[in-house]
Amino acid sequence: MQGPKDVQPGGTLTGKPVRRRVSKKVVPPIETTSLAAPRAKPVSSADTLPIKKPAKPAKPATKKRTEPLNFRVASDFRRAFKRAAAAQDCKKVELLERIFAEWSARNPT
């Protein structure tokens with residue numbers, strides 16, 4: 001014989017627990033008229049000034065970088081290289097290219 005917890009209000013026996021409906025509270029709508037900002041006057045094109053974008057510095061012409069170059073270095077070297085690139089305000093790959101170009105100029109093959 002099964003206990004009273006398995007009897008649904010309709011009198012049927014089930015192995016599932018009885019789910020009770022939760023009543024939903026009704027929330028009154030918010031009055032939006034007091035929240036609205038006052039309307040702004042339309043602006044004509046004569047009242048506005050043209051926006052000038054700051055000129056970007058010219059980047060040196062480089063070939064597309066499509067090939068990966070992966071190798072491991074010591075953590076001290078990595079930190080020093082990263083700081084050097086930041087001090088020169090360039091990317092690490094740009095610093096490597098500059099260094100290699102200078103080395104190649106000094107050591108022709």
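The values are calculated or read from the model by the stated rules, or taken from the named source; none is laboratory data. Since this is a predicted model, take the numbers as computed values, not measurements. All Cβ positions, even for glycine, are placed from backbone atoms using ideal geometry, and neighbour counts span all protein chains on display.
Quick notes on this structure:
- Within the range 78-109, being among the aromatic types (Phe, Trp, Tyr) and surrounded by 10 or more Cβ atoms within 10 Å (Cβ to Cβ) holds for Phe81, Phe100.
- Any hit, the range 32-52, residues being surrounded by 10 or more Cβ atoms within 10 Å (Cβ to Cβ) and at pLDDT 65 or above: no
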